[in-house]
Amino acid sequence: MQTIDKFNFAGKKAFVRVDFNVPLDENFNITDDTRMRAALPTLKKILADGGSIIIGSHLGRPKGVADKFSLKHIIKHLSELLGVEVQFANDCMGEEAAVKAAALQPGEVLLLENLRFYAEEEGKPRGLAEDATDEEKAAAKKAVKESQKEFTKKLASYADCYVNDAFGTAHRAHASTALIAKYFDTDNKMFGYLMEKEVKAVDKVLNDIQRPFTAIMGGSKVSTKIGIIENLMDKVDNLILCGGMAFTFAKAQGGKIGNSLVEDDKLQLALDIIEKAKAKGVNLVLGCDCIAADKFANDANTQVCDDKNIPDGWMGLDAGPKTREEFKAAIKGAKTILWNGPAGVFEMDNFAGGSKAIAEAIAEATKEGAFSLIGGGDSVACINKFGMADQVSYISTGGGALLEAIEGKILPGIAAIRGDK
Ligand code: AMP
(Lines give C-alpha, C1' and ligand atoms only; values in the text may rest on other atoms or scores of the structure.)
Protein backbone atom coordinates (compact mmCIF):
# COMPACT_ATOMS: atom_id res chain seq x y z
CA MET A 1 0.00 0.00 0.00
CA GLN A 2 1.24 3.48 -0.84
CA THR A 3 1.76 5.90 2.06
CA ILE A 4 1.76 9.68 2.07
CA ASP A 5 5.11 9.79 3.83
CA LYS A 6 6.85 7.74 1.13
CA PHE A 7 5.13 9.45 -1.79
CA ASN A 8 6.95 12.27 -3.53
CA PHE A 9 4.41 14.79 -4.82
CA ALA A 10 6.97 16.88 -6.75
CA GLY A 11 5.38 17.97 -10.03
CA LYS A 12 2.23 15.95 -9.27
CA LYS A 13 -1.36 17.07 -8.98
CA ALA A 14 -3.13 15.47 -6.03
CA PHE A 15 -6.89 15.22 -5.63
CA VAL A 16 -7.33 15.41 -1.88
CA ARG A 17 -10.72 14.55 -0.39
CA VAL A 18 -11.02 16.35 2.93
CA ASP A 19 -13.85 16.85 5.38
CA PHE A 20 -14.25 20.63 5.50
CA ASN A 21 -17.83 20.32 6.67
CA VAL A 22 -17.29 23.09 9.20
CA PRO A 23 -19.99 24.92 11.17
CA LEU A 24 -20.71 28.45 9.91
CA ASP A 25 -22.63 31.23 11.68
CA GLU A 26 -25.33 33.32 9.98
CA ASN A 27 -22.63 35.59 8.49
CA PHE A 28 -20.75 32.58 7.14
CA ASN A 29 -17.94 32.87 9.66
CA ILE A 30 -16.38 29.54 10.58
CA THR A 31 -17.20 28.88 14.22
CA ASP A 32 -14.96 25.81 14.62
CA ASP A 33 -12.12 25.10 12.18
CA THR A 34 -10.93 21.85 13.82
CA ARG A 35 -11.67 19.85 10.67
CA MET A 36 -9.68 22.23 8.50
CA ARG A 37 -6.71 22.18 10.85
CA ALA A 38 -6.85 18.39 10.95
CA ALA A 39 -6.11 18.21 7.21
CA LEU A 40 -3.21 20.67 7.27
CA PRO A 41 -0.36 18.15 7.74
CA THR A 42 -1.45 16.35 4.56
CA LEU A 43 -1.92 19.52 2.52
CA LYS A 44 1.36 21.01 3.72
CA LYS A 45 3.34 17.86 2.94
CA ILE A 46 2.08 17.92 -0.66
CA LEU A 47 2.98 21.58 -1.09
CA ALA A 48 6.38 21.12 0.59
CA ASP A 49 7.18 18.32 -1.85
CA GLY A 50 6.41 20.64 -4.77
CA GLY A 51 3.04 19.22 -5.67
CA SER A 52 -0.25 20.98 -6.35
CA ILE A 53 -3.61 20.24 -4.78
CA ILE A 54 -7.19 19.95 -5.95
CA ILE A 55 -9.33 19.91 -2.81
CA GLY A 56 -12.72 18.24 -2.81
CA SER A 57 -15.13 18.42 0.11
CA HIS A 58 -18.77 18.58 1.03
CA LEU A 59 -20.37 21.19 3.28
CA GLY A 60 -23.69 20.47 4.94
CA ARG A 61 -26.46 18.50 3.30
CA PRO A 62 -27.48 20.52 0.24
CA LYS A 63 -30.16 19.13 -2.04
CA GLY A 64 -28.72 21.02 -5.02
CA VAL A 65 -26.80 24.28 -5.52
CA ALA A 66 -27.30 26.58 -2.51
CA ASP A 67 -25.25 29.65 -1.62
CA LYS A 68 -25.40 28.87 2.09
CA PHE A 69 -23.55 25.60 1.49
CA SER A 70 -20.92 27.11 -0.83
CA LEU A 71 -17.32 26.34 -0.01
CA LYS A 72 -16.45 29.87 -1.15
CA HIS A 73 -17.12 30.85 2.47
CA ILE A 74 -13.98 29.07 3.60
CA ILE A 75 -11.51 30.25 0.91
CA LYS A 76 -10.11 33.10 2.97
CA HIS A 77 -9.54 31.05 6.10
CA LEU A 78 -8.06 28.15 4.17
CA SER A 79 -5.65 30.55 2.43
CA GLU A 80 -4.57 31.87 5.82
CA LEU A 81 -4.09 28.40 7.28
CA LEU A 82 -2.02 27.24 4.30
CA GLY A 83 -0.17 30.51 3.68
CA VAL A 84 -1.13 30.16 0.00
CA GLU A 85 -3.73 32.09 -2.01
CA VAL A 86 -6.29 29.36 -2.60
CA GLN A 87 -7.99 29.36 -6.02
CA PHE A 88 -11.66 28.43 -6.31
CA ALA A 89 -13.73 26.68 -8.98
CA ASN A 90 -17.39 27.71 -8.80
CA ASP A 91 -18.42 24.25 -9.85
CA CYS A 92 -16.67 20.97 -9.12
CA MET A 93 -17.59 19.79 -12.62
CA GLY A 94 -17.52 21.61 -15.93
CA GLU A 95 -15.09 23.78 -17.84
CA GLU A 96 -13.93 26.05 -15.05
CA ALA A 97 -12.81 23.25 -12.76
CA ALA A 98 -11.09 21.36 -15.58
CA VAL A 99 -9.26 24.45 -16.90
CA LYS A 100 -8.16 25.61 -13.45
CA ALA A 101 -7.03 22.11 -12.47
CA ALA A 102 -5.05 21.75 -15.70
CA ALA A 103 -3.31 25.10 -15.16
CA LEU A 104 -2.27 24.39 -11.56
CA GLN A 105 1.42 24.90 -10.92
CA PRO A 106 3.52 23.29 -8.15
CA GLY A 107 2.68 24.90 -4.82
CA GLU A 108 -0.81 25.99 -5.95
CA VAL A 109 -4.12 24.96 -4.44
CA LEU A 110 -7.53 24.75 -6.09
CA LEU A 111 -10.65 24.34 -3.95
CA LEU A 112 -13.60 22.83 -5.78
CA GLU A 113 -17.17 23.88 -5.04
CA ASN A 114 -19.25 21.63 -2.76
CA LEU A 115 -19.27 18.12 -4.22
CA ARG A 116 -22.76 17.51 -2.84
CA PHE A 117 -24.23 20.18 -5.12
CA TYR A 118 -24.41 17.16 -7.42
CA ALA A 119 -26.60 14.17 -6.59
CA GLU A 120 -23.87 12.07 -8.20
CA GLU A 121 -21.53 12.59 -5.24
CA GLU A 122 -23.78 10.56 -2.96
CA GLY A 123 -25.32 8.56 -5.80
CA LYS A 124 -28.80 9.12 -4.43
CA PRO A 125 -31.63 10.44 -6.62
CA ARG A 126 -33.02 13.87 -5.79
CA GLY A 127 -36.28 15.62 -6.43
CA LEU A 128 -38.40 12.48 -6.55
CA ALA A 129 -42.09 13.15 -6.03
CA GLU A 130 -43.31 11.95 -2.65
CA ASP A 131 -45.80 9.66 -4.32
CA ALA A 132 -43.23 8.21 -6.74
CA THR A 133 -43.82 4.55 -7.50
CA ASP A 134 -41.23 1.89 -6.73
CA GLU A 135 -40.53 1.68 -10.45
CA GLU A 136 -39.91 5.41 -10.69
CA LYS A 137 -37.65 5.25 -7.66
CA ALA A 138 -35.67 2.37 -9.15
CA ALA A 139 -35.33 4.17 -12.49
CA ALA A 140 -34.13 7.36 -10.79
CA LYS A 141 -31.61 5.38 -8.75
CA LYS A 142 -30.32 3.64 -11.84
CA ALA A 143 -29.98 6.97 -13.67
CA VAL A 144 -27.99 8.63 -10.91
CA LYS A 145 -25.72 5.59 -10.56
CA GLU A 146 -25.07 5.78 -14.31
CA SER A 147 -24.22 9.48 -14.29
CA GLN A 148 -22.19 8.95 -11.11
CA LYS A 149 -19.62 7.04 -13.17
CA GLU A 150 -19.02 10.05 -15.45
CA PHE A 151 -18.93 12.38 -12.44
CA THR A 152 -16.34 10.26 -10.66
CA LYS A 153 -14.22 9.83 -13.77
CA LYS A 154 -14.21 13.58 -14.32
CA LEU A 155 -13.07 14.28 -10.75
CA ALA A 156 -10.30 11.71 -11.15
CA SER A 157 -9.19 13.25 -14.45
CA TYR A 158 -8.04 16.43 -12.68
CA ALA A 159 -5.19 14.72 -10.86
CA ASP A 160 -2.25 12.30 -11.00
CA CYS A 161 -2.84 10.84 -7.56
CA TYR A 162 -5.61 10.53 -4.96
CA VAL A 163 -5.36 11.18 -1.24
CA ASN A 164 -8.26 10.48 1.10
CA ASP A 165 -8.02 12.45 4.33
CA ALA A 166 -11.76 12.57 5.09
CA PHE A 167 -12.30 10.04 7.87
CA GLY A 168 -15.63 11.70 8.72
CA THR A 169 -17.09 10.38 5.45
CA ALA A 170 -15.13 7.12 5.25
CA HIS A 171 -18.31 5.15 5.98
CA ARG A 172 -19.92 6.46 2.81
CA ALA A 173 -19.38 4.87 -0.61
CA HIS A 174 -19.56 8.24 -2.33
CA ALA A 175 -17.91 9.29 -5.59
CA SER A 176 -15.07 11.29 -4.04
CA THR A 177 -14.61 9.20 -0.89
CA ALA A 178 -14.43 5.73 -2.38
CA LEU A 179 -15.44 5.24 -6.02
CA ILE A 180 -12.78 7.61 -7.37
CA ALA A 181 -9.99 5.40 -6.03
CA LYS A 182 -10.43 2.88 -8.80
CA TYR A 183 -9.19 5.41 -11.35
CA PHE A 184 -5.77 5.45 -9.70
CA ASP A 185 -3.36 2.53 -9.53
CA THR A 186 -2.20 1.26 -6.15
CA ASP A 187 0.96 3.37 -6.15
CA ASN A 188 -0.98 6.57 -6.72
CA LYS A 189 -3.64 6.40 -4.04
CA MET A 190 -3.17 6.69 -0.32
CA PHE A 191 -4.57 7.86 3.00
CA GLY A 192 -3.71 11.35 4.22
CA TYR A 193 -2.07 11.74 7.64
CA LEU A 194 -5.37 12.26 9.47
CA MET A 195 -6.95 9.20 7.91
CA GLU A 196 -3.81 7.17 8.70
CA LYS A 197 -4.02 8.18 12.38
CA GLU A 198 -7.71 7.33 12.57
CA VAL A 199 -7.23 3.95 10.92
CA LYS A 200 -4.34 3.15 13.28
CA ALA A 201 -6.37 4.19 16.34
CA VAL A 202 -9.28 1.97 15.35
CA ASP A 203 -6.87 -0.87 14.70
CA LYS A 204 -5.51 -0.56 18.23
CA VAL A 205 -8.92 -1.12 19.78
CA LEU A 206 -10.12 -3.79 17.38
CA ASN A 207 -7.10 -5.83 16.35
CA ASP A 208 -3.90 -4.83 18.09
CA ILE A 209 -5.38 -4.95 21.61
CA GLN A 210 -3.18 -4.62 24.71
CA ARG A 211 -4.95 -6.08 27.73
CA PRO A 212 -6.86 -5.43 29.83
CA PHE A 213 -9.24 -3.69 27.43
CA THR A 214 -12.02 -1.54 28.91
CA ALA A 215 -14.75 -0.10 26.71
CA ILE A 216 -17.16 2.49 28.03
CA MET A 217 -20.39 2.93 26.11
CA GLY A 218 -22.81 5.57 27.25
CA GLY A 219 -25.39 7.90 25.80
CA SER A 220 -29.11 7.80 25.68
CA LYS A 221 -30.11 4.60 23.93
CA VAL A 222 -28.97 1.01 23.81
CA SER A 223 -30.70 0.56 20.43
CA THR A 224 -28.24 2.84 18.64
CA LYS A 225 -25.21 1.16 20.21
CA ILE A 226 -26.18 -2.48 19.98
CA GLY A 227 -23.98 -3.27 16.95
CA ILE A 228 -20.98 -1.86 18.75
CA ILE A 229 -21.75 -3.59 22.04
CA GLU A 230 -22.02 -6.93 20.24
CA ASN A 231 -18.77 -6.48 18.34
CA LEU A 232 -16.92 -5.34 21.47
CA MET A 233 -18.24 -8.22 23.54
CA ASP A 234 -15.81 -10.53 21.74
CA LYS A 235 -12.89 -8.25 22.41
CA VAL A 236 -13.12 -6.50 25.77
CA ASP A 237 -12.26 -7.54 29.32
CA ASN A 238 -14.42 -4.85 30.94
CA LEU A 239 -17.52 -3.29 29.43
CA ILE A 240 -19.09 -0.29 31.13
CA LEU A 241 -22.62 0.53 29.95
CA CYS A 242 -23.77 3.85 31.32
CA GLY A 243 -25.84 6.96 30.68
CA GLY A 244 -29.51 6.77 29.84
CA MET A 245 -29.18 3.25 28.48
CA ALA A 246 -28.29 1.91 31.95
CA PHE A 247 -31.94 2.36 33.00
CA THR A 248 -33.17 -0.02 30.33
CA PHE A 249 -30.89 -2.60 31.95
CA ALA A 250 -32.10 -1.68 35.45
CA LYS A 251 -35.75 -2.04 34.42
CA ALA A 252 -35.05 -5.30 32.57
CA GLN A 253 -33.69 -6.70 35.84
CA GLY A 254 -36.88 -5.79 37.66
CA GLY A 255 -35.79 -2.36 38.86
CA LYS A 256 -38.08 0.58 39.56
CA ILE A 257 -36.72 3.44 37.47
CA GLY A 258 -39.27 6.25 37.91
CA ASN A 259 -39.26 8.61 34.93
CA SER A 260 -35.76 7.65 33.76
CA LEU A 261 -35.07 7.19 30.09
CA VAL A 262 -36.02 3.68 28.97
CA GLU A 263 -36.52 1.70 25.80
CA ASP A 264 -39.30 -0.66 26.74
CA ASP A 265 -38.91 -2.68 23.57
CA LYS A 266 -35.26 -3.40 24.42
CA LEU A 267 -35.69 -5.03 27.83
CA GLN A 268 -35.11 -8.54 26.49
CA LEU A 269 -32.14 -7.29 24.51
CA ALA A 270 -30.67 -5.91 27.74
CA LEU A 271 -31.09 -9.30 29.45
CA ASP A 272 -29.48 -11.01 26.44
CA ILE A 273 -26.48 -8.68 26.69
CA ILE A 274 -26.11 -9.49 30.39
CA GLU A 275 -26.19 -13.23 29.58
CA LYS A 276 -23.76 -12.87 26.72
CA ALA A 277 -21.28 -11.01 28.91
CA LYS A 278 -21.48 -13.80 31.48
CA ALA A 279 -20.96 -16.46 28.83
CA LYS A 280 -17.95 -14.66 27.41
CA GLY A 281 -16.39 -13.85 30.75
CA VAL A 282 -16.69 -10.10 30.18
CA ASN A 283 -16.86 -7.98 33.34
CA LEU A 284 -20.04 -6.01 32.63
CA VAL A 285 -20.31 -2.85 34.72
CA LEU A 286 -23.85 -1.49 34.83
CA GLY A 287 -23.58 0.57 38.00
CA CYS A 288 -25.70 0.41 41.13
CA ASP A 289 -26.69 3.95 42.07
CA CYS A 290 -27.55 7.20 40.34
CA ILE A 291 -28.16 10.88 40.84
CA ALA A 292 -31.91 11.21 40.45
CA ALA A 293 -33.61 14.52 39.70
CA ASP A 294 -37.21 15.68 40.07
CA LYS A 295 -37.12 17.36 36.64
CA PHE A 296 -34.95 17.42 33.54
CA ALA A 297 -33.11 20.62 34.43
CA ASN A 298 -29.79 21.67 35.90
CA ASP A 299 -31.51 23.29 38.90
CA ALA A 300 -33.63 20.23 39.69
CA ASN A 301 -33.71 18.85 43.23
CA THR A 302 -31.50 15.79 43.39
CA GLN A 303 -30.92 12.72 45.50
CA VAL A 304 -28.59 9.75 45.31
CA CYS A 305 -30.54 6.52 45.03
CA ASP A 306 -30.28 2.88 44.11
CA ASP A 307 -30.61 2.71 40.33
CA LYS A 308 -33.22 -0.03 40.71
CA ASN A 309 -35.26 1.88 43.25
CA ILE A 310 -35.90 5.35 41.91
CA PRO A 311 -38.90 7.12 43.47
CA ASP A 312 -41.93 7.79 41.28
CA GLY A 313 -41.65 11.10 39.45
CA TRP A 314 -37.84 11.14 39.68
CA MET A 315 -35.37 10.33 36.91
CA GLY A 316 -31.77 9.15 36.89
CA LEU A 317 -29.65 11.76 35.13
CA ASP A 318 -26.15 10.77 36.18
CA ALA A 319 -24.10 7.96 37.69
CA GLY A 320 -24.05 7.88 41.49
CA PRO A 321 -20.93 7.85 43.72
CA LYS A 322 -20.69 4.06 44.11
CA THR A 323 -21.15 3.59 40.37
CA ARG A 324 -18.36 6.08 39.71
CA GLU A 325 -16.09 3.96 41.92
CA GLU A 326 -17.06 0.89 39.86
CA PHE A 327 -16.19 2.80 36.66
CA LYS A 328 -12.83 3.84 38.08
CA ALA A 329 -12.00 0.28 39.15
CA ALA A 330 -12.73 -1.05 35.65
CA ILE A 331 -10.67 1.67 33.98
CA LYS A 332 -7.69 1.65 36.37
CA GLY A 333 -4.92 -0.55 35.06
CA ALA A 334 -6.48 -0.93 31.60
CA LYS A 335 -4.02 -0.90 28.73
CA THR A 336 -6.58 -0.23 26.00
CA ILE A 337 -9.58 2.07 26.52
CA LEU A 338 -12.40 3.07 24.22
CA TRP A 339 -14.98 5.63 25.29
CA ASN A 340 -18.14 6.52 23.40
CA GLY A 341 -21.09 8.27 24.99
CA PRO A 342 -21.52 10.16 28.29
CA ALA A 343 -22.50 8.64 31.63
CA GLY A 344 -25.11 11.30 32.29
CA VAL A 345 -26.64 14.50 31.01
CA PHE A 346 -23.19 16.11 30.93
CA GLU A 347 -24.51 19.21 29.15
CA MET A 348 -25.93 20.24 32.55
CA ASP A 349 -23.09 20.86 35.02
CA ASN A 350 -24.92 19.18 37.89
CA PHE A 351 -25.12 15.91 35.94
CA ALA A 352 -21.63 15.89 34.44
CA GLY A 353 -19.90 14.26 37.43
CA GLY A 354 -20.15 10.66 36.23
CA SER A 355 -18.68 11.51 32.85
CA LYS A 356 -15.98 13.58 34.57
CA ALA A 357 -15.06 10.60 36.76
CA ILE A 358 -14.68 8.50 33.62
CA ALA A 359 -12.55 11.15 31.92
CA GLU A 360 -10.31 11.43 34.97
CA ALA A 361 -9.86 7.67 35.25
CA ILE A 362 -9.02 7.48 31.54
CA ALA A 363 -6.48 10.30 31.89
CA GLU A 364 -4.89 8.50 34.83
CA ALA A 365 -4.68 5.18 32.96
CA THR A 366 -3.30 6.95 29.90
CA LYS A 367 -0.57 8.45 32.07
CA GLU A 368 0.25 4.91 33.16
CA GLY A 369 0.70 3.84 29.53
CA ALA A 370 -2.77 2.88 28.29
CA PHE A 371 -3.90 3.68 24.76
CA SER A 372 -7.17 5.60 25.03
CA LEU A 373 -9.45 6.37 22.12
CA ILE A 374 -12.36 8.76 22.59
CA GLY A 375 -14.84 9.24 19.82
CA GLY A 376 -18.27 9.35 18.38
CA GLY A 377 -19.95 12.65 19.11
CA ASP A 378 -20.83 13.44 22.68
CA SER A 379 -17.86 11.93 24.47
CA VAL A 380 -15.65 14.27 22.45
CA ALA A 381 -17.80 17.21 23.56
CA CYS A 382 -17.47 15.85 27.11
CA ILE A 383 -13.69 15.62 27.13
CA ASN A 384 -13.49 19.08 25.61
CA LYS A 385 -15.90 20.48 28.20
CA PHE A 386 -13.61 19.15 30.94
CA GLY A 387 -10.55 20.61 29.18
CA MET A 388 -8.90 17.18 29.18
CA ALA A 389 -8.41 16.58 25.45
CA ASP A 390 -4.64 16.54 25.85
CA GLN A 391 -4.76 13.84 28.53
CA VAL A 392 -5.99 11.00 26.31
CA SER A 393 -4.19 9.20 23.50
CA TYR A 394 -6.48 9.96 20.58
CA ILE A 395 -9.71 11.80 19.91
CA SER A 396 -11.39 10.66 16.73
CA THR A 397 -12.68 13.27 14.30
CA GLY A 398 -15.21 10.88 12.81
CA GLY A 399 -18.55 10.41 14.54
CA GLY A 400 -20.58 8.01 12.42
CA ALA A 401 -17.47 6.65 10.69
CA LEU A 402 -15.84 5.73 14.00
CA LEU A 403 -19.00 4.07 15.27
CA GLU A 404 -19.34 1.97 12.12
CA ALA A 405 -15.67 1.03 12.29
CA ILE A 406 -15.98 -0.20 15.88
CA GLU A 407 -19.11 -2.06 14.93
CA GLY A 408 -16.70 -4.07 12.79
CA LYS A 409 -18.03 -2.80 9.47
CA ILE A 410 -15.71 -2.33 6.52
CA LEU A 411 -15.63 1.37 5.67
CA PRO A 412 -15.80 2.00 1.91
CA GLY A 413 -13.35 4.92 2.12
CA ILE A 414 -10.76 2.73 3.80
CA ALA A 415 -11.42 -0.34 1.68
CA ALA A 416 -11.03 1.69 -1.53
CA ILE A 417 -7.42 2.45 -0.64
CA ARG A 418 -6.42 -0.59 1.36
CA GLY A 419 -8.35 -3.13 -0.67
CA ASP A 420 -10.22 -4.61 2.37
CA LYS A 421 -12.86 -7.14 1.43
P1 AMP B 1 -26.16 9.45 22.32
O2 AMP B 1 -26.46 10.48 21.27
O3 AMP B 1 -27.03 8.24 22.27
O4 AMP B 1 -24.70 9.10 22.41
O5 AMP B 1 -26.54 10.11 23.70
C6 AMP B 1 -25.95 11.29 24.17
C7 AMP B 1 -26.94 12.01 25.02
O8 AMP B 1 -27.37 11.16 26.06
C9 AMP B 1 -26.40 13.25 25.68
O10 AMP B 1 -27.04 14.37 25.14
C11 AMP B 1 -26.77 13.06 27.16
O12 AMP B 1 -27.30 14.22 27.74
C13 AMP B 1 -27.80 11.98 27.11
N14 AMP B 1 -27.87 11.23 28.35
C15 AMP B 1 -26.89 10.61 29.02
N16 AMP B 1 -27.34 10.07 30.16
C17 AMP B 1 -28.65 10.34 30.23
C18 AMP B 1 -29.67 10.06 31.18
N19 AMP B 1 -29.42 9.39 32.28
N20 AMP B 1 -30.92 10.49 30.92
C21 AMP B 1 -31.18 11.19 29.78
N22 AMP B 1 -30.26 11.48 28.86
C23 AMP B 1 -29.01 11.07 29.08
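The values are calculated or read from the model by the stated rules, or taken from the named source; none is laboratory data. This structure is a prediction, so every number in the text was calculated from the model and none was measured. Reconstructed Cβ throughout: ideal geometry from the backbone, glycine too, with neighbour counts over all protein chains shown. Note: accessible area is taken over every heavy atom of the protein model, side chains too, but ligands, DNA and RNA are not part of it. Shrake-Rupley method; radii C 1.70, N 1.55, O 1.52, S 1.80 Å.
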- With an 8 Å cut-off on Cα pairs and a minimum separation of 6 or more residues, tell me the relative contact order of the chain in percent. 15 percent
- Task: Please sort 368-378, 335-345 by packing, taking for each peptide the average over its residues of neighbouring beta carbons within 10 angstrom, highest first.
- Result: 335-345, 368-378
- Query: If you roll a 1.4 Å probe over the heavy atoms of the protein chains, what accessible area per residue do you get for the chain, in Å²?
  - Reply: 43 Å²
- Query: If you count, for each residue, the other Cβ atoms within 10 Å and average over each peptide, how do 39-46, 274-281 line up from highest to lowest?
  - Reply: 39-46, 274-281
- What is the antiparallel percent of DSSP beta bridges lying wholly in the chain, to the nearest 5? 20 percent
- Task: Step through the table entries LYS280/LYS409; LYS200/LYS280; LYS13/LYS76; LYS200/LYS278, compare each Cα-Cα distance with 28 Å, and write down the pairs that go over it.
- Result: LYS200/LYS278
- Counting Lys and Arg as +1 and Asp and Glu as -1 over every other residue whose Cβ sits under 14 Å from the Cβ of LYS76, the net charge comes to -2
- Query: Do you know the relative contact order of region 268-318, to the nearest whole percent, from alpha carbon pairs under 8 angstrom that are 6+ apart?
  - Reply: 33 percent
- Task: Rounded to the nearest 10 degrees, what's the angle between the helix 193-206 long axis and the longest principal axis of the chain, both from Cα atoms, 0 to 90?
- Result: 30 degrees
- Query: Got a sec? Charge dipole of the chain, +1 on Cβ for Lys and Arg, -1 for Asp and Glu; which of ILE209, ILE240, ALA343 is way out at the positive end?
  - Reply: ILE209
- Query: Ignoring ligands, DNA and RNA, what percent of the accessible area of the chain is carbon or sulfur (1.4 Å)?
  - Reply: 48 percent
- With a cut-off of at most 15 other beta carbons within 10 Å, and DSSP calling the residue loop, which GluC sites (Glu not before Pro) in region 13-101 qualify? Please list them. GLU26, GLU85
- Message: Over region 13-191, what is the relative contact order in percent, taking alpha-carbon pairs closer than 8 angstrom and at least six residues apart?
- Response: 26 percent
- Task: Kindly rank 133-139, 59-65 from highest to lowest mean number of other beta carbons found within 10 Å of each residue.
- Result: 59-65, 133-139
- If each K or R counts +1 and each D or E counts -1, the residues other than ALA89 whose Cβ falls under 13 Å of its Cβ total -2
- Task: Quick one: dipole size for the chain, taken about the Cα centre, charges +1 on Lys/Arg Cβ and -1 on Asp/Glu Cβ, in debye to the nearest 20.
- Result: 980 debye
- Residue-averaged [θ]222 nm for the chain, counting only DSSP H segments that reach four residues, each worth -39500 (n - 2.57): -11000 deg cm²/dmol
- Fully extended, how many nm does the chain gain between GLU347 and ASP420 (0.36 nm per residue separation, minus their Cα-Cα distance)? 22.4 nm
- Task: Could you state the angle between the C-alpha long axis of helix 40-49 and the longest principal axis of the C-alpha atoms of the chain, as a value from 0 to 90 degrees rounded to the nearest 10?
- Result: 30 degrees
- Task: Amide H neighbours of PHE88 under 5 Å, at least 5 residues apart or on other chains, H built in the peptide plane: list them.
- Result: LEU111
- Query: Could you give the angle, 0 to 90 degrees to the nearest 10, between helix 353-367's Cα long axis and the longest principal axis of the Cα atoms of the chain?
  - Reply: 70 degrees
